[in-house]
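Q: Could you have a look at this structure, given as structure tokens, before my questions?
The values are calculated or read from the model by the stated rules, or taken from the named source; none is laboratory data. In this text, all values refer to a predicted model and were calculated from it rather than measured experimentally. Note that we place each Cβ from the backbone using ideal geometry, even for glycine, and neighbour counts take in every protein chain shown. Side chains included, ligands, DNA and RNA excluded: accessible areas come from the protein's heavy atoms. Shrake-Rupley method; radii C 1.70, N 1.55, O 1.52, S 1.80 Å.
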Amino acid sequence: MPRAKINPDKQKALQQHGTLNLRPQDVRHPLFQDSDFFDPFAFQQGGLSGLLPQKRGPRNGHKLTPEVMEFVGEQRTVEPSLSFAQLAERVQHNFHVKVHPRSIERQLLREKKLR
């Protein structure tokens, strides 16, 4: 069997997920020889864990730009009693962007943690 190229980052990731094959030299199946998808250490993209479904969609408040969040902060300063739903309505009215009230709440919490 031809010797597989060793990728230390990949080996580390596979080991962390518990999917590293500790005896890759013993793998004899033809699928693992000269294949871009299979290799003796595990699957090409992160091993078995790389085949698990990932959360789809954006991973952060991409509609909540710094400009929008500055507006939200100003609105809260002027009128602290505004609910997140009311803030979302004002954002939609001023920026023509529909944002869920919970997204505003989460973004404010993220910003608070950074301070």
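Q: Regarding region 58-115, what whole-number volume in Å³ per residue does the convex hull of its Cα atoms give?
A: On the way: hull volume 4.7 nm³, N = 58.
About 81 Å³ per residue, rounded to a whole number.
Q: Filter the cross-link list K12/K63; K10/K112; K55/K113; K12/K98; K55/K98; K55/K112 down to pairs whose alpha-carbon distance in this structure exceeds 32 Å.
A: Over 32 Å Cα-Cα: K12/K63; K10/K112; K12/K98.
Q: Excluding I104 itself, what net charge comes from residues whose Cβ is under 13 Å from its Cβ, given Lys and Arg +1 and Asp and Glu -1?
A: Cβ neighbours under 13 Å give a net charge of +4.
Q: Residue-wise, which Karplus ³J(HN,Hα) couplings in Hz belong to region 100-115, taking 6.51 cos²θ - 1.76 cosθ + 1.60, θ = phi - 60°, and x for glycine or proline?
A: 6, x, 5, 5, 5, 4, 5, 5, 4, 5, 4, 5, 5, 5, 6, 7
Q: Any chance you could look up the accessible area of K63 with a 1.4 Å probe, heavy atoms only, rounded to 10 Å²?
A: Result for K63: roughly 90 Å² accessible.
Q: Provide the FRET efficiency to the nearest 0.05 for the S81-R110 pair, computing r from the beta carbons and using R0 = 22 Å.
A: E between S81 and R110, to the nearest 0.05, is 0.45.
Q: Same structure, new question: Length gain on complete extension for the stretch H96 to I6, per 0.36 nm per residue less the alpha carbon to alpha carbon distance?
A: Net length gain for the segment: 27.3 nm.
Q: Right, next: Along Cα→Cβ, 7 Å out, is where each label goes; now give me the distance between the ones at R56 and H29 in nm to one decimal.
A: Taking the simple label geometry, R56 and H29 are separated by 2.8 nm.
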